[in-house]
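Read through the structure below, which is laid out as structure tokens, and then see the notes.
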Amino acid sequence: MKILTSSSMKIAEGIAVEKGSSYLGLMENAGRAAAERITALLDGIEDREVLIFCGRGNNGGDGLVIARRLLEAGGSVTILFPMGMDPERMSPLCRANLHALDAFEEGRLLMMDGSISDELLFSLVQRADAIVDGVFGTGFSGSLPESVRRLNRAAGRCCGLLCALDIPSGVNCDSGEADPDSFPAEVTFSFGALKPAHLLKRSALRCGRTELLDIGIAPQDIDSLPEGITPLTRVLAAASLPRRQPDSHKGSYGKLLNVGGCTHMTGALMLSTLSALAGGVGLCKAAAPETVTPIIAGRILPCIHAPLPVSESGSISHESVDRLTEELSWASALLMGCGMSVCEDTRLLTEELVMNSPIPMVLDADALNCLAGRAYLLKRAKAPVILTPHLLEMSRLCGGSVELCRDRRFDIASTFAREHQVTLVLKDSTTVIAAPDGTLYMTAPPKSLAPGGVSAFEGSQTSGLAKGGSGDLLAGLIASMLAQGADPVSAALAGVWLHGRAGDLCEEEMTAYCMQPTDVLRFLPMAFKELMV
């Protein structure tokens with residue numbers, strides 16, 4: 001099922017209401033499902049004490065439904081309102097569920113303003129069998145109010161179960177950015193669909209174990225949302241892999257022209273070439289400065305070579321443009337930028353090839369840096385383009401800060417890909433792939449999605465890929481898929497999954513500290529085998 005941002009979740013709820021549900025009914029379903037899980041996790045609710053933090057919005061309304069359901073089942077509930085208890089300042093749904101508690105006797109239900117004394121707060125926390133966070137949910141951004149910060153700190157001293165509703169208060173639903181005093185959830189109940197913060201590595205641990213609860217929104221309606229984000233699973237990667245036939249030859253699997261390298265950066269071109277060959281391309285030709293070619297030729301035997309004129313700085317000279325134009329007629333895909341360096345010659349060369357190449361291309365590293373401030377040139381490309389920037393390179397392309405590209409990665413990737421009609425692979429600990437129509441995909445670590453559930457999402461978890469040269473491996477893999485005939489989005493999906501999985505396998509044997517990009521190459525065959533099962 002697709003992952004939904006806070007805004008796309010509202011669209012999904014609206015569709016459910018149009019089909020006969022109500023917002024009050026969806027809230028009732030969410031509260032009921034969460035109350036049932038809390039009861040199960042506590043092995044029953046009778047004689048149990050539950051402390052609930054409730055905000056003024058709909059997340060607070062979810063908490064109030066839980067309170068009513070637990071009271072009906074025989075539990076005792078204390079509700080703290082850190083933002084105040086004035087019903088007139090609550091959302092209509094929150095206010096309706098507050099009034100629904102009027103029928104319960106005071107002996108088992110206490111409701112208090114969050115500004116109670118420290119002594120009383122810690123007494124409530126220490127005797128609670130569970131604390132439920134229903135303050136902000138998906139609506140949080142910025143920093144926590146001191147009143148909420150105080151409750152969250154106190155919750156950290158609880159020996160009972162710590163539950164968050166949808167998103168722990170203090171965690172941004174879409175970016176994963178978290179206040180240091182965000183609610184310390186052990187389990188987070190996600191309503192209707194998973195949200196980015198449940199899967200982004202910067203926030204997933206703050207959510208604890210995430211459980212996906214049904215609130216009455218049809219899964220097919222969620223999956224039909226164009227605004228949703230599709231997780232990159234093994235099944236999806238396998239479907240994206242180019243197929244091989246028994247009756248074939250080297251010409252059946254494409255020809256890749258790899259343009260890059262300079263006198264002081266030879267390794268990047270070699271790594272991307274080795275990765276492309278390991279990815280199954282039929283032929284690969286390295287087009288590098290003639291001073292670099294002997295170094296590559298001595299180390300990569302299956303590679304063809306195209307020695308090019310050298311500029312004064314040791315890069316590929318712009319005089320190579322005619323030779324490279326001829327080479328494009330030989331190749332089925334182009335990879336450009338690995339170790340190429342940035343100078344006037346490479347800027348001019350990048351501009352020429354982007355605008356005139358008749359074959360699909362992958363632009364990585366210095367090819368992207370050569371386009372900094374000139375991303376409009378991508379609109380003039382005659383063939384499909386895949387870009388593989390990390391966050392700094394993306395900031396140079398779009399003119400925003402690294403922090404902006406990280407925190408608004410989904411919006412920025414989708415908008416940029418759609419505006420420039422490219423396939424974008426925005427690399428980070430969680431990688432986002434955006435198609436030219438704005439469709440989004442993301443890698444994600446395995447998560448437990450339901451009670452007793454099994455992992456449904458797979459993606460690289462290793463920090464061992466956070467090393468120079470890892471991006472060259474990825475660029476080579478994606479270009480290899482593209483040369484073999486995969487469409488740009490499929491090439492990106494297959495390449496990203498294989499790269500991440502090989503990294504995980506490498507870490508298992510070598511640790512994240514010791515593994516190097518050359519080691520990751522050795523584990524690509526095992527990653528491929530997992531896709532071919």
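The values are calculated or read from the model by the stated rules, or taken from the named source; none is laboratory data. Treat the numbers as computed from the prediction; the structure is a model and nothing was measured. In this analysis, Cβ positions are derived from the backbone assuming ideal geometry, glycine residues included, and neighbour counts consider all displayed protein chains. Accessible surface is based on the protein model in full, side chains and every heavy atom, while ligands, DNA and RNA are left aside. Shrake-Rupley method; radii C 1.70, N 1.55, O 1.52, S 1.80 Å.
Identify all residues within the stretch 496-533 that are among the β-branched types (Val, Ile, Thr) and surrounded by 15 or more Cβ atoms within 10 Å (Cβ to Cβ); write none if there are none.
Taking the stretch 496-533 as the starting set, the residues that turn out to be among the β-branched types (Val, Ile, Thr) are 496, 511, 518, 520, 533.
Correct list: Val496, Val520.
Could you pull out the residue among Val187, Val171 that is under 14 Å from Ser6 (Cα atoms), touching a helix residue (DSSP H, G or I) at 6+ places or on another chain (Cβ under 8 Å), open to solvent by less than 10 Å² (accessible area, probe 1.4 Å) and not polar (S, T, N, Q)?
Val171
Being more than 35 Å from the chain's Cα centre (by Cα), charged (D, E, K, R) and over 20 Å from Phe189 (Cβ atoms), is that true of even one residue in the stretch 51-74?
no
So, Ala331, is that one touching a residue at least 24 places away in the same chain (Cβ under 8 Å), closer than 23 Å to Thr518 by Cα and within 36 Å of the chain's Cα centre (by Cα) or not?
No: the conditions fail for Ala331.
Could you identify the single residue in Glu88, Glu106, Glu119 that is assigned to a loop (DSSP other than H, G, I, E, B) and open to solvent by 10 Å² or more (accessible area, probe 1.4 Å)?
It is Glu106.
What number of residues in the stretch 220-274 are within 30 Å of Asp411 (Cβ to Cβ), polar (S, T, N, Q) and crowded, with 18+ Cβ neighbours inside 10 Å?
Taking the stretch 220-274 and keeping what is within 30 Å of Asp411 (Cβ to Cβ), we get 220-241, 272.
Right, trim to polar (S, T, N, Q) and you get 220, 224, 230, 233, 240, 272.
Checking the rest, the ones that are also crowded, with 18+ Cβ neighbours inside 10 Å come to 233, 240, 272.
Residues flagged as within 30 Å of Asp411 (Cβ to Cβ), polar (S, T, N, Q) and crowded, with 18+ Cβ neighbours inside 10 Å within the stretch 220-274 amount to 3.
Within the stretch 303-326, restricting attention to residues that are part of a helix (DSSP H, G or I) and open to solvent by less than 20 Å² (accessible area, probe 1.4 Å), which residue is farthest from Asp487 (Cα to Cα)?
Out of the qualifying residues, it is Ser320.
Count, please, the residues in the stretch 1-39 that happen to be open to solvent by 50 Å² or more (accessible area, probe 1.4 Å), among the hydrophobic types (A, V, I, L, M, F, W, C) and part of a helix (DSSP H, G or I).
Going through the stretch 1-39 one residue at a time, the tally reaches 2.
Determine, yes or no, whether Asp407 is among the acidic types (Asp, Glu), open to solvent by 30 Å² or more (accessible area, probe 1.4 Å), more than 29 Å from Val321 (Cα to Cα) and modelled with pLDDT under 95.
yes
Those residues that are under 21 Å from Tyr253 (Cα atoms) and buried (at least 24 other Cβ atoms within 10 Å of the Cβ), I need them from the stretch 332-359; list them, please.
Once the filter is applied, which keeps residues that are under 21 Å from Tyr253 (Cα atoms) and buried (at least 24 other Cβ atoms within 10 Å of the Cβ), the stretch 332-359 yields Ala333, Leu334, Leu335, Met336.
Does any residue of the stretch 155-164 turn out to be in a strand (DSSP E or B) and either more than 19 Å from Gly61 (Cα to Cα) or touching a residue at least 60 places away in the same chain (Cβ under 8 Å) (or both)?
yes
Residue by residue through the stretch 367-392, note down the ones that are modelled with pLDDT of 95 or more, among the small types (Gly, Ala, Ser) and more than 25 Å from Ser175 (Cβ to Cβ).
Across the stretch 367-392, the qualifying residues are Ala367, Ala381, Ala383.
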